Amino acid sequence: MKSKLIIFCLLFVSTIASSQTAKQKMPASHIKGKVNNPQREFILLRQQGRADTLRLAQGGLFEVNIEQLTGNYFTFEHGKQSVELFILPADEIELTFNAQSFGEVQCTAGNSMPYINYLTNKQKMDRSVRSKFGPQPGRFYTVDQFMAMRDSIYNARMTQLELIGTKHGFVADFKTQESNSFAWQKAHEMVGYRNQVSQKNPPVFPASYDQYLNSMNVNDERMAYDTYYRQFMANLMTINATNQFYANNESAAIRYYELQLEYLCKMVSAIKNKSVLITDLMPSVMKDCGTADLRPFIQKLEACSGDPKLVESVRRVASQFAHLYPGQPAPDAVCFDATGKTYRLSDFKGKLLYIDVWATWCGPCKREIPSLKELEEAYHGKDVQFVSISTDQDPKAWEQFLQKNSMSGLQLHQSLNMEESVSKMYIVNSIPRFLLIDKKGNIISSDAPRPSSGASIRKMLDDALLAQ
């Protein structure tokens with residue numbers, strides 16, 4: 001039996017319009033597809049922030065009905081590969097994908113075929129252009145050379161869009177969206193180029209460079225989900241935040257994302273656009289700072305976004321990490337030493353506890369060892385217990401490393417029962433990770449500065465010792 005799914009795609013123009021369209025039956029586009037050599041049992045179908053799972057039946061077959069009043073862009077994903085397609089309403093479409101080269105989709109039936117063929121060819125051209133420019137065009141091209149090539153690409157794409165669009169009678173909204181996307185792609189690459197060449201001996205840019213970038217309407221809601229609009233804004237947010245982060249001698253990772261959020265809220269007023277960009281930002285925030293106290297960040301988010309549902313969604317995700325906020329009782333993870341003796345973190349109550357979560361295979365972890373030794377020597381005789389907890393899957397690798405290397409501090413391995421391990425209880429998604437727990441067994445920081453941070457970690461340790 002084939003996998004079937006019905007998706008309702010309704011574009012709201014106003015409250016009245018949405019209530020009227022909800023009552024009428026929308027035309028459905030029926031898509032029959034096949035994935036050759038599938039790597040997974042499903043593909044994802046994304047459209048404007050929504051994601052639906054299409055289960056693959058035997059032979060990689062699937063079917064989906066998409067109910068919509070107007071044509072829309074949809075992204076099909078399989079594993080790490082994706083392709084963007086444009087689907088007209090009330091269409092009968094047949095698609096064939098190959099999991100090895102998912103972007104080279106074949107459309108063999110349907111009125112949407114010219115649109116799909118056009119987009120797949122455009123994405124091939126994008127890959128060719130990226131290959132031609134390379135990852136750092138600023139190393140090889142002057143400003144004039146870069147702009148000449150960039151303008152040539154833009155003009156060629158506009159010409160191709162006009163020719164193919166006229167031949168196949170592309171709808172006006174599609175042509176407008178595509179031409180606007182070309183403009184955002186150009187702007188995104190211009191921002192990236194200027195950032196590259198401005199690192200050392202920045203060249204003089206013509207006035208037209210900034211004039212073009214400043215002409216881009218960052219509040220155009222039609223482009224909120226456009227890939228190049230989002231990359232353009234992410235690029236600006238990252239560059240601005242990085243510059244301010246180092247100029248202000250910031251050290252907390254969450255400040256980097258607060259600076260991005262502040263810049264976004266300063267530049268963009270359209271709620272829809274802000275919601276899309278904040279949604280793009282949040283996975284990195286949670287990955288890098290989930291265990292930090294996110295309450296100040298969420299307060300800034302609430303003041304900025306204008307989207308209560310988004311704020312509530314962020315609160316809900318952040319609540320999973322609330323037990324690791326400063327002042328909370330430290331989860332009592334279990335460890336053991338090389339002799340097999342068992343320890344609990346609560347065994348160290350009465351001392352300030354600085355924990356290094358690491359593994360023998362982790363290069364950045366091992367680079368912290370000399371700084372950690374220096375830190376231990378600096379606080380020798382003070383009420384600080386230094387503990388290193390290995391997360392190696394094979395404890396024998398850890399034991400062999402201890403035998404071959406001179407290690408200071410108390411060396412432990414996390415429990416092999418994941419439910420009581422430091423990795424599970426402290427949500428350790430990346431290492432090295434450092435924890436600081438006060439004498440009463442409460443968390444000071446579940447993502448403390450590294451030993452190599454120098455003054456940052458010493459100030460935190462000194463403040464904690466004085467406070468207790």
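Residues of the range 411-426 being closer than 16 Å to Ala330 by Cβ and acidic (Asp, Glu), which ones? Selection gives Glu420 alone.
Conditions (1) hydroxyl-bearing (Ser, Thr, Tyr); (2) in contact (Cβ under 8 Å) with a residue 12 or more places away in the chain; (3) more than 25 Å from Asp126 (Cβ to Cβ), marked per residue:
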site: Leu56; (1), (2), (3): no, yes, yes
site: Asn72; (1), (2), (3): no, yes, no
site: Leu88; (1), (2), (3): no, yes, no
site: Thr96; (1), (2), (3): yes, yes, no
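Of all residues being of a type in the set (Lys, Arg) and surrounded by fewer than 19 Cβ atoms within 10 Å (Cβ to Cβ) in the range 142-197, which is farthest from Met216 (Cα to Cα)? Just the residue, please. For the range 142-197, the residue satisfying everything is Lys167.
Checking each residue in the range 283-301 for being surrounded by 19 or more Cβ atoms within 10 Å (Cβ to Cβ) and at pLDDT 90 or above picks out Val285, Phe297, Leu301.
Anything in the range 377-415 that is of a type outside the set (Gly, Ala, Ser) and either assigned to a strand (DSSP E or B) or outside the structural domain of Val428 (by TED's automatic domain parsing) (or both)? List them, or say none. Write out each step before concluding.
First, pick out the residues of the range 377-415 that are of a type outside the set (Gly, Ala, Ser): 377, 379-380, 382-387, 389, 391-396, 398-405, 407, 410-414.
If the condition is that a residue be of a type outside the set (Gly, Ala, Ser) and either assigned to a strand (DSSP E or B) or outside the structural domain of Val428 (by TED's automatic domain parsing) (or both), then Val384, Gln385, Phe386, Val387, Ile389, Leu410, Gln411, Leu412, His413, Gln414 are the ones that fit.
The set of residues from the range 103-131 being among the polar types (S, T, N, Q) and without any contact (Cβ under 8 Å) to a residue 40 or more places away in the chain comprises Gln106, Thr108, Asn111, Asn117, Thr120, Asn121, Ser128, Ser131.
In the range 364-377, the residues that are in contact (Cβ under 8 Å) with a residue 40 or more places away in the chain form Cβ pairs under 7 Å with partners that are buried (at least 16 other Cβ atoms within 10 Å of the Cβ) and among the aliphatic types (A, V, I, L, M), at six or more places apart or across chains, as follows: Cys365/Ala359; Cys365/Ile431; Leu375/Ile457.
The values are calculated or read from the model by the stated rules, or taken from the named source; none is laboratory data. Just so you know, these numbers come straight off a predicted model, no measurement behind them. Positions of Cβ are generated from backbone atoms using ideal geometry, with glycine treated the same way; all protein chains shown enter the neighbour counts.
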